[in-house]
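Heads up, the thing below is written out as structure tokens.
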Amino acid sequence: DEALRFLGRRHTGRQAREAVETALAAGFDTVSVDLIFGLRGQTAAEWQVQLATAVALEVQHLSCYQLTIHERSRFGVQAKHGRLAELPEDEQATLFELAHRFLADAGWPAYEVSNFAREGEEARHNLVYWRAGFWLALGPAATGQYPGEGGAYALRRTAPPLPRWLRGEAPKEEAISPLEHAKESLMLGLRLREGVDVGAVEERTGLALFPLLQGRAEELAQEGLLQVRGKRLLPTPKAFPLLHR
């Protein structure tokens, strides 16, 4: 409850657990829980209790996000004036590694840097984003990605904020170049346990990427951060803490 108050949440831990239990009892096939770690003063023992509580609820999917302090947020203002300090990086890394180890042992292995699921319960909408696929933008301020027009691989379509959306203002569209799409595909795909298929990205974009990446990929493999399987690049557990930031 103290952590929830710190984060500015309106509910208690008990209310959160009851909400999950109600959803499961109502017959939803999949229920996901979001957890935040890296709070000031948070210990590994406290974090493990939270993880164990989520596992005991027997949900299908878990997301574990590190607390991020944005400059213009309430936390950002407090940090600027010395009223809030982030947890040291080594302690954040300890909590991150604890989550991956504990959840894997409990049957929720990571399929992405911050996301964990029972086998076959991976979030399809998460995977669409990490695989640089296409999704709809519905409602005010929503952003979607669509098949391209006029030779471009893809388009981004961003709906306006609520006041302008209510007035009927049209979404803005931005063409994504093959090179930009390739960069995003690599950046996002490396967050996945399955890694990124550079050959598939080459087919989508028409760019010869692997010759440009091969040397650096082999260096990272020597450092234990990457596995190179043909044209597929897979992050190692050692790389996950770096990809999380």
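The values are calculated or read from the model by the stated rules, or taken from the named source; none is laboratory data. What you see is a predicted model; the values in this text were computed from it and never measured. We place every Cβ from the backbone using ideal geometry, glycine too, and count neighbours over all the protein chains shown. When the accessible area is computed, the model is the full protein with side chains, heavy atoms only, and any ligands, DNA or RNA have been set aside. Shrake-Rupley method; radii C 1.70, N 1.55, O 1.52, S 1.80 Å.
What percent does the relative contact order of the chain come to when contacts are Cα pairs within less than 8 Å and at least six residues apart? Can you show the working numbers first?
Numbers: 342 pairs, mean separation 30.4, N = 245.
Answer for the chain is 12 percent.
Could you name the lysines in cross-link range of Lys231, using Cα to Cα under 28 Å and dropping any fewer than eight places away on the same chain? Candidates past the 8-residue exclusion: Lys183. Rounded to the nearest 20, the Cβ-based charge dipole of the chain about its Cα centre (Lys and Arg +1, Asp and Glu -1) stands at 760 debye. Each residue of segment 103-112 was assigned a 3J(HN,Hα) from its phi angle through the Karplus curve 6.51 cos²θ - 1.76 cosθ + 1.60 (θ = phi - 60°); the sequence is 6, 4, 5, 8, x, 10, x, 6, 9, 8 Hz, with glycine and proline shown as x. Taken about its Cα centre, segment 90-230 carries a charge dipole of roughly 600 debye when the Cβ of each Lys and Arg holds +1 and the Cβ of each Asp and Glu holds -1. Rounded, prolate or oblate for segment 52-143? Axes are the square roots of the Cα gyration tensor eigenvalues, ordered a ≥ b ≥ c, and the cut-off for rounded is a/c under 1.5. Oblate is the answer for segment 52-143, as a/c is 1.5 or above yet b/c matches or exceeds a/b. Could you please state how large a percent of the accessible area of segment 20-85 is carbon and sulfur, counting protein chains only and using a 1.4 Å probe? Answer for segment 20-85: carbon and sulfur cover 52 percent of the accessible area.
So I have (i) 22.4; (ii) 16.6; (iii) 14.0, and one of them is mean projected area of the Cα convex hull in nm² calculated from this model. Which one is it? Checking each listed value against the structure points to (ii). Shape analysis of segment 94-146 places it in the prolate category; the axes a ≥ b ≥ c from the Cα gyration tensor give an a/c of at least 1.5, with a/b above b/c. Which of rounded, prolate, oblate describes segment 121-224, given a ≥ b ≥ c as roots of the alpha-carbon gyration tensor eigenvalues and a/c under 1.5 marking rounded, otherwise prolate only if a/b is larger than b/c? Prolate shape, in that a/c is at least 1.5 and a/b is the bigger ratio. Using Cβ point charges alone (K and R +1, D and E -1), the dipole size of segment 1-143 about the Cα centre works out to roughly 680 debye.
Model label sites at Asp1 and Lys238, defined 7 Å from Cα along the beta-carbon direction, differ in position by 4.6 nm. Selection among Val201, Tyr129, Leu213 by position relative to the dipole of segment 102-245 gives Tyr129 as farthest towards the positive end (Cβ unit charges, Cα centre). Could you tell me which of Ala182, Val31, Leu138 has its Cα farthest along the dipole of the chain towards the positive end, charges placed at Cβ (Lys, Arg +1; Asp, Glu -1), taken about the Cα centre? Value: Leu138. Projected label points at Thr43 and Glu89, each 7 Å from Cα along the beta carbon direction, are separated by 2.6 nanometres. Once both labels are positioned 7 Å from their Cα atoms along Cα-to-Cβ, the gap between Arg193 and Val77 label points is 4.1 nm.
Go ahead and run the numbers for FRET between Arg10 and Ala208, Cβ-Cβ distance against an R0 of 41 Å, rounding to 0.05.
Numbers: r = 53 Å, r/R0 = 1.28.
Result of the calculation: an efficiency of 0.20.
Counting heavy atoms of the protein chains alone, Val228 has an accessible area of about 60 Å² for a 1.4 Å probe. In the complete set of protein chains, residue-level accessible area for Leu190 is approximately 40 Å², probe 1.4 angstrom. Computed with a 1.4 Å probe over protein heavy atoms only, the accessible surface of the chain comes to 60 Å² per residue.
The calculated 222 nm mean residue ellipticity attributable to helices in the chain amounts to -12500 deg cm²/dmol, summing -39500 (n - 2.57) over DSSP H runs of n ≥ 4 and dividing by all residues.
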